[in-house]
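Since the structure comes first, as structure tokens, the remarks are kept for the end.
Read-outs throughout are calculated quantities, based only on the coordinates presented, and are distinct from any laboratory measurement. What you see is a predicted model, and the numbers here were worked out from it, not measured in a lab. Counting neighbours? That spans all protein chains shown, and the Cβs are built from the backbone with ideal geometry, glycine included.
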Amino acid sequence: MLYSEVERIFNRSCKNTLSKKKFFFIFLTLIACGVLIVFCRALSFGAHSWVSLSLVFLPIFLCAGILLAMGVLLNRIYYHEVKGQPIELRKIFGQSLQLLVGVAYLTLPLILGYISLWTLLGVFYLIQEIPAIGGGVAVLFSFGPFLLVLGCLLLSIASLLILFFVTPYIAIKNSVKIQIAQQVIAAVKNNALSYILLFSIALIPLLLCVGLLTLAAVMTGLSYLPQQQAIGTAMQWFFIMLPFCLVMTPFISFFFNFSLESYSYMQRKMKLVDCNTEQKESTKEEVSCMLQ
């Protein structure tokens, strides 16, 4: 991996981050995701810890499906931007409508997997409520809830990986098939270090942004916002969520821009390796013929 090549695709991804058409499209999509998260947080207000846990993870997977569909559109828009072609959002959306319906089903296995883990976690909560022996048994089997929550966190990370690695495949190949997952896994296995570095470059700015915004929101809640009922708290979160999404918008745009750039870069790299391999094989054949 050449530093100059990575720098070039990084700069190009940044350059096309603040496009007006993409900016408002991403901002509105993030608001929709934010409303979903705020709604789930409001429902979890004063609920049982088992229910509260479900309302923490469930919107992550639902938002992942929304962001995956948005990412496909953004990759296609970015492709037109790089090629210098005119961008017509309605035309791109119309051409991608059938594809987006299939994209929504890609996160369904994650949701079903999470529901299974959450249901198993509920069994441990039931064991905890058994009279007399529930507390002791819950202590002995405390590793169970730990592993189940760890599984939920891993599924959340998997949804983030899908957004980076799968989105450009769908946008370029214009299809949603099971073979896409196999192709992505095979490509990452063959070039693990390169993909990890590219993924880190795309993710670090987003994580820094989200971390800073979350810290500001928490400090605001502790120092300024009064403790109210569920409706009042939800309204506070909603109005904080608006600037939260606004600041996140360019970082989300860069994340998907760089995902397509990374896909294109790795495809060129693999083709170059294949060409070199073919040349070496042809050279070996010529040498063997000469020896004969």
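Under the rule of -39500 (n - 2.57) per DSSP H run of 4 or more residues, summed and divided by the residues of the chain, what mean residue ellipticity at 222 nm is obtained, to the nearest 500 deg cm²/dmol? Before the final figure, lay out each step's value.
Working: 10 runs with 253 residues, N = 292.
Only helices count here, giving -30500 deg cm²/dmol.
Only residues of the range 153-170 count here: report those whose backbone N is under 17 Å from the spot 7 Å along Cα→Cβ of ALA181, or say none.
Residues 154-170 fall inside that zone.
What lysines does LYS173 reach when the alpha-carbon gap must be under 29 Å and sequence neighbours fewer than 8 apart in one chain are set aside?
LYS15, LYS20, LYS21, LYS22, LYS83, LYS91, LYS189, LYS269, LYS271
Quick one: length gained pulling LEU246 to SER223 fully straight, 0.36 nm per residue minus the C-alpha distance?
Values: separation 23, 0.36 × 23 = 8.28 nm, distance 2.27 nm.
Between LEU246 and SER223, full extension yields 6.0 nm more.
Hey, with R₀ at 30 Å, roughly what FRET efficiency would SER116 and GLU5 work out to, going by the Cβ-Cβ distance, to 0.05? Let's see the in-between values first.
Details: r = 42 Å, r/R0 = 1.41.
Given R0 = 30 Å and the Cβ-Cβ separation, E is 0.10.
How do HIS48, HIS80 line up, fewest other C-beta atoms within 10 Å first? Could the numbers behind the result be given before it?
Working: HIS48 11, HIS80 14.
By the 10 Å Cβ count, ascending, the order reads HIS48, HIS80.
For an R0 of 41 angstrom, estimate the FRET efficiency from the Cβ-Cβ distance between GLN98 and PHE239 and round to the nearest 0.05. Don't skip to the answer; put the middle values down first.
Working: r = 37 Å, r/R0 = 0.90.
My answer for the efficiency is 0.65.
Could you compute the FRET efficiency for LYS21 and ALA132, with r as their C-beta to C-beta distance and R0 at 51 Å, rounded to 0.05? Don't skip to the end; give the middle numbers.
Working: r = 64 Å, r/R0 = 1.26.
For R0 = 51 Å, the calculated efficiency reads 0.20.
Which entry is the computed mean projected area of the Cα convex hull in nm² for this structure: (1) 22.2; (2) 16.5; (3) 15.7?
(1)
Along the charge dipole of the range 3-264, Cβ charges K/R +1 and D/E -1, which of LEU43, PHE24, VAL139 sits furthest on the positive end?
Checked the options; the winner is PHE24.
Under the rule a/c < 1.5 gives rounded, and otherwise a/b versus b/c splits prolate from oblate, where does the range 1-119 land using the Cα gyration tensor?
On the way: a/c = 2.21, a/b = 1.97, b/c = 1.12.
Taking the square roots of the gyration eigenvalues as a ≥ b ≥ c, the range 1-119 is prolate.
In percent, how large is the relative contact order of the chain, given Cα pairs closer than 8 Å and 6 or more residues apart? Mind showing how you got there, number by number?
Values: 210 pairs, mean separation 92.9, N = 292.
Contact order relative to length: 32 percent.
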